[in-house]
1. Determine the gain in length on full extension of the stretch GLN7-VAL166; use 0.36 nm per residue of separation and subtract their C-alpha separation, reporting nm with one decimal.
2. Give me the number: length gained by fully extending GLU178 to LYS243, i.e. 0.36 nm times residue separation minus the C-alpha to C-alpha distance, one decimal in nm.
3. Test of understanding: in a Gaussian network model of the chain with alpha carbons linked when under 10 Å, which of GLU235, GLU11, GLU100 would top the mean-square fluctuation ranking?
4. Cα centroids of the stretch 173-198 and the stretch 101-142: how far apart, whole angstrom?
5. Any aspartates and glutamates with Cα under 15 Å of the LYS255 Cα? List them, leaving off those in the same chain fewer than 8 positions away.
6. Nearest 10 degrees is fine. How inclined is helix 210-223 to the longest principal axis of the chain, computing both from alpha carbons?
7. Under 30 Å between alpha carbons, and skipping anything fewer than 8 positions from LYS159 in its own chain: which lysines qualify?
8. Go ahead and collect, in residue order, the members of the stretch 51-68 whose backbone nitrogen is under 17 Å from a label point 7 Å along the Cα-Cβ direction of THR35.
Amino acid sequence: MALIQCQFYSEVLNLSTSMTVILPQQTITQIGMQTKKIADKHQTLYLLHGLSDDDTIWTRRTSIERYVAPLGLAVVMPQVHHSFYTDMVYGNKYWTFLTEELPSIARSFFPLSDAREDNFVAGLSMGGYGAFKWALNCPDQFSAAASLSGAVDIVNRIKHSDNDRVLRLVYGDEEISETEHDLLSLIEKTHINEQKPLLYQCCGTEDFLYEDNIRFKELCEKTKYHLTTDFGPGEHEWGYWDKTIQDVLKWLPLKN
């Protein structure tokens, strides 16, 4: 595998930013690494970071590079700061950057497939929210999405975080219920669509976001939205995410 720290300029953000990218590399002499025959255009996982992290965090806290090596899967990890993957009221347009500019730039730099069936998105905590938000709002871009300990009920988070400076910078005083920011509303609106991504959700029972995740799960059950879940012992920490990202990779509908 190749690990690339990529600094580039964003026209949307009007600033230089970064992404960390893992690309498949077929080798026969590399010790301890299994590799797969490389396709002309790689299947791609967009892997999103949490609130306190950046684009390097998945490679620093997990063995994601080793986990994807036998899968022939590219991984793109963008930097979005505290944006909640949103065009911020008091800040930059990270939603537009993420959904429109980033895939185009990444595919111009690297041999990544643009086919829906070859693209997936996942993330943890704030990134779990971002992954589901991206996939549910843009179902033509992804065949599958996964949330690990995700902030999947952002309306409830805001309701119980009246003085949270970060959330105020992102959403201001806007009412976001039943908007593109509200995952529960998106499930109710999109569950009848023929083209919708497969969803995977996991959260530890000791996680402070556990109850939010249960509400999301119950709504998916009510609307018969196809959702795979994994709820078991675990907290909001990297030991849990290092384990569960491996489960996500096994679940992804990858080509053989």
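1. Details: separation 159, 0.36 × 159 = 57.24 nm, distance 2.50 nm.
That pair, GLN7 and VAL166, stretches by 54.7 nm at full extension.
2. Details: separation 65, 0.36 × 65 = 23.40 nm, distance 3.33 nm.
Net length gain for the segment: 20.1 nm.
3. Highest fluctuation among the options: GLU11.
4. The stretch 173-198 and the stretch 101-142 have Cα centres spaced 17 Å from each other.
5. ASP40, ASP114, GLU117, ASP118
6. The answer is roughly 90 degrees.
7. LYS93, LYS133, LYS189, LYS196, LYS217, LYS222, LYS224
8. Taking a point 7 Å out along Cα→Cβ of THR35, the residues of the stretch 51-68 whose backbone N falls under 17 Å are 65-68.
Every number here is computed from the coordinates shown, using simple stated rules; none is lab data. On a predicted model such as this, the values are computed, not experimentally measured, just so you know. Counting neighbours? That spans all protein chains shown, and the Cβs are built from the backbone with ideal geometry, glycine included.
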